[in-house]
Amino acid sequence: MTRPGQQPAPPRDDTGTTTCPVCQQPFTPAGRQRYCSSPCRKTAFRRRHQAPPVALTVPAARPRRDHTIYECPDCEQRLLGEQRCPDCGIFARRIGPGGPCPHCAEPIAITELLDLEVAIMPGNR
């Protein structure tokens with residue numbers, strides 16, 4: 001019995017070939033056989049009964065510019081979170097993450113406080 005607008009199901013008594021839904025190989029079914037082999041049948045069972053994958057939640061990106069120290073190449077003025085020098089109007093180069101100095105409130109990079117050299121990877125600019 002078919003509904004209006006639907007194609008009738010093909011008869012299963014034909015001797016034609018069918019495609020295995022797991023490995024996509026053509027095979028001649030015997031009876032109501034849906035899979036070409038026992039390993040494909042077992043693989044299909046495992047896929048149907050496996051636990052759903054755990055949803056991966058990626059934290060939202062946080063802006064880094066507010067915590068980045070820049071230095072003007074002309075006047076060597078240090079800037080916190082500003083990429084363009086207000087005096088020269090030239091774009092400053094990035095020094096690295098940092099904040100205001102605890103003693104004088106001037107912008108200072110974390111690497112200068114800790115006297116460490118931080119390697120910047122080529123793709124992480």
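Details
- Of all residues in segment 76-90, those satisfying the criterion of being surrounded by 12 or more Cβ atoms within 10 Å (Cβ to Cβ) and over 17 Å from Asp66 (Cβ atoms) are Gln77, Cys85, Cys88, Ile90.
- Any chance Tyr35 is of a type outside the set (Lys, Arg), assigned to a loop (DSSP other than H, G, I, E, B) and surrounded by 16 or more Cβ atoms within 10 Å (Cβ to Cβ): yes
- Per the listing Ala60, Ala51, the residue uniquely modelled with pLDDT under 90, closer than 30 Å to Arg84 by Cβ and surrounded by fewer than 10 Cβ atoms within 10 Å (Cβ to Cβ) is Ala60.
The values are calculated or read from the model by the stated rules, or taken from the named source; none is laboratory data. Every value quoted in this text rests on a predicted model; they were computed, and no experiment measured them. Positions of Cβ are generated from backbone atoms using ideal geometry, with glycine treated the same way; all protein chains shown enter the neighbour counts.
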